[in-house]
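What follows is a single structure, written as structure tokens, with notes after it.
What follows draws every value from the coordinates through simple rules; no lab data is involved. The structure presented is a predicted model; accordingly, all values stated were derived computationally and were not measured. Cβ sites come from the backbone with ideal geometry, for glycine too, and all protein chains shown count toward neighbours.
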Amino acid sequence: MRKLIEIFGGAWVLCCLLVRCKFRTRQGSYLHWRNETAFGKDGQFDIAPSQRRRSVWSWARWAWSIRRG
């Protein structure tokens, strides 16, 4: 049950982040900077898309747990 709550909480964090960035994911927004710092500029750290998704979800669950205190 706790894992399910973390998944929904992580989805909520990602949705809130998208709304705050006005859904601009690649136009010089915070999300573009975040992507560069996490995964390197211009594919510097070339990882599989599945691993990238897993790391984003892991961050979202972490952000949810930090938000809850």
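Would you pick out the residues in region 1-49 that are hydrophobic (A, V, I, L, M, F, W, C) and in contact with a Cys (Cβ under 7 Å, 6 or more places away or on another chain)? Hit for region 1-49 is L31, nothing else. For beta carbons closer than 8 Å, sequence separation of 6+ or different chains, a first residue in region 13-42 that is under 14 Å from W57 (Cβ atoms) and a second that is exposed (fewer than 12 other Cβ atoms within 10 Å of the Cβ) and not hydrophobic (A, V, I, L, M, F, W, C), the qualifying pairs are V13/R67. Restricting R2, R20, R24, R34 to residues that are farther than 24 Å from R68 by Cα and among the charged types (D, E, K, R) narrows the list to R24.
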